[in-house]
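Student: Please see the structure below; I have some questions.
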Amino acid sequence: MTNAVYLVFDALKAPPVTMNLSWLDDFMALAATGNFSRAADERHMTQPAFSRRIRALEEWLGAELFDRSSQPARLTETGHWFRKIAQELQAQVAKVPGEARAIAEASSTTLRFAATHALSFTFLPRWLRQLEAHTNLGPVQLVSDVQQRCEALLLHKQVQFVLAHGHPQVKGPLDEASCPFLVVGSDQLIPVSATDGNGQPTHLIPSDGKAAGLQMLGYSAESGVGRILRAMKGPELERLRAQQVLTAHLASVLRTMALDGRGLAWLPALLIGDDIAAGRLAVAAPDAWRIDLEVRLHRDHAALGRAAEGFWEAAKAASDAA
């Protein structure tokens, strides 16, 4: 009797097993296949380590989840019950970061932007100064990147707004996701080239469209203006049979190469206005080769918090008044 009492006392002193949320992923992986080795590989661990984690989960629950006497292992009655519980828990856990960010944003005064490199240097500073006359902006956090990555930041809720070029006839990821946007400015893609001693373009698309030997500077897939250029002028560009001598995802890089005389490039007017005025670059094709652009401010569907919603309303009012 005395020994039995001491055994109970020792058991009461043993620390309880603590639930580890990653065990839910382990359990779901094994429940899907019934194969310990395959599930361990999927979870990037050895089979002995994986088996210990499944056993620890069972010890925490106080019941076996798998019938190990069969191959593949089958869920026990408790296992079937816990599978539904695990799915609900995973869904709840997945929502926690987004809900936490929403609560934080509700009281945050910081505006989080992503903008393409070209617009970060040209359009954004002047536009923000204009808006400051109508609203208190507060602190601004800016990420400057290629358009494809800016779009991904908004879709993953890492920023509140994206400032980028757009075109009514060219759909991008934010259009496909039905993200609201305002047209807050305008721009134009212009085919330009460095000039010779007489101020004439050294690389040219003549009016008859025959441009044998033309050297062209092109955009990579990450570029938003490149996406628009290909969509609007793709067939015509193919008929030119031009030699693409350089590809880059930044308009600023293509501008530098164009100034160096490397070839003809389609560049935003906001970026090269001073170069054309100073004669460093010249328009290198008929007007039909120009492409009108919109400068768009995109936002997420969800509520953004008081400061960000106030900024959106100020941007909307300014856009309507323009």
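Student: Compute the FRET efficiency between V140 and E99 as 1/(1 + (r/R0)^6), taking r as their Cβ-Cβ distance and R0 = 22 Å, and round to the nearest 0.05.
Tutor: Efficiency, from the Cβ-Cβ distance: 0.35.
Student: Sticking with the crude label model, points 7 Å out along Cα→Cβ, report the distance from A49 to S69 in nm, one decimal please.
Tutor: 3.2 nm
Student: Right, here's the next one. Kindly report the accessible area of the range 230-294 per residue (heavy atoms of protein chains, probe 1.4 Å, no ligands, DNA or RNA), in Å².
Tutor: 52 Å²
Student: Further, regarding this structure: Kindly identify the range 211-299 as rounded, prolate or oblate by the Cα gyration tensor criterion: order the square roots of the eigenvalues as a ≥ b ≥ c, call it rounded if a/c is under 1.5, otherwise compare a/b with b/c, prolate if a/b is larger, else oblate.
Tutor: Judged from the Cα gyration tensor, the range 211-299 comes out rounded (a/c under 1.5).
Student: If you don't mind, another one. With only alpha-carbon atoms in the gyration tensor, what are the semi-axes of the equivalent ellipsoid for the chain, in Å, largest first?
Tutor: Values: eigenvalues 699, 141, 49 Å².
Semi-axis lengths for the chain are 59, 27, 16 Å.
Student: Placing +1 at every Lys and Arg Cβ and -1 at every Asp and Glu Cβ, with all other atoms neutral, what dipole size does the chain have around its Cα centre, in debye to the nearest 20?
Tutor: In total the dipole reaches around 300 debye.
Student: Here's something else I'd like to know. Along each of the three principal axes of the Cα atoms of the range 44-151, give the extent in whole Å, ordering the values from largest to smallest.
Tutor: Principal extents (Cα only, largest first): 73, 29, 19 Å.
Student: Same structure, new question: What is the percent carbon and sulfur in the accessible area of the chain, measuring with a 1.4 Å probe over the protein chains and ignoring ligands?
Tutor: Using a 1.4 Å probe with all protein chains present, the chain comes out at 53 percent carbon and sulfur.
Student: In 10 Å bins starting at 0, how do the alpha-carbon pair distances of the range 107-217 split up by percent?
Tutor: In order of increasing distance, the bins hold 11, 34, 26, 18, 10, 2 percent.
Student: Right, another one. Expressed in nm to one decimal, what extension gain is obtained for the pair E132 and D260 from 0.36 nm per residue of sequence separation less their Cα-Cα distance?
Tutor: Answer, rounded to one decimal: 42.3 nm.
Student: Where does the charge balance sit around A152 when Lys and Arg score +1, Asp and Glu -1, over other residues with C-beta under 11 Å from its C-beta?
Tutor: -1
Student: Another question about this same structure. Using Cα springs under 10 Å in a Gaussian network model of the chain, which residue among T195, T78, T109 shows the largest mean-square fluctuation?
Tutor: Of the options given, T78 has the highest mean-square fluctuation.
Student: I need two numbers for the range 106-148: Rg to one decimal and Dmax as a whole number, Cα atoms only, in Å.
Tutor: 11.3, 31
Student: Could you tally the net charge around F36, taking each other residue with its Cβ under 12 Å from the Cβ of F36, Lys/Arg +1 and Asp/Glu -1?
Tutor: Numbers: positive: R38, R43, R52, R53, R55, R68; negative: D26, D41, E42.
Here the count lands on +3.
The values are calculated or read from the model by the stated rules, or taken from the named source; none is laboratory data. Remember, it's a predicted structure, so these values are computed and weren't measured experimentally. Using ideal geometry, Cβ is built from the backbone for each residue, glycine included, and neighbour counts are taken over all protein chains shown. Protein only, heavy atoms only, side chains kept; ligands, DNA and RNA dropped before computing areas. Shrake-Rupley method; radii C 1.70, N 1.55, O 1.52, S 1.80 Å.
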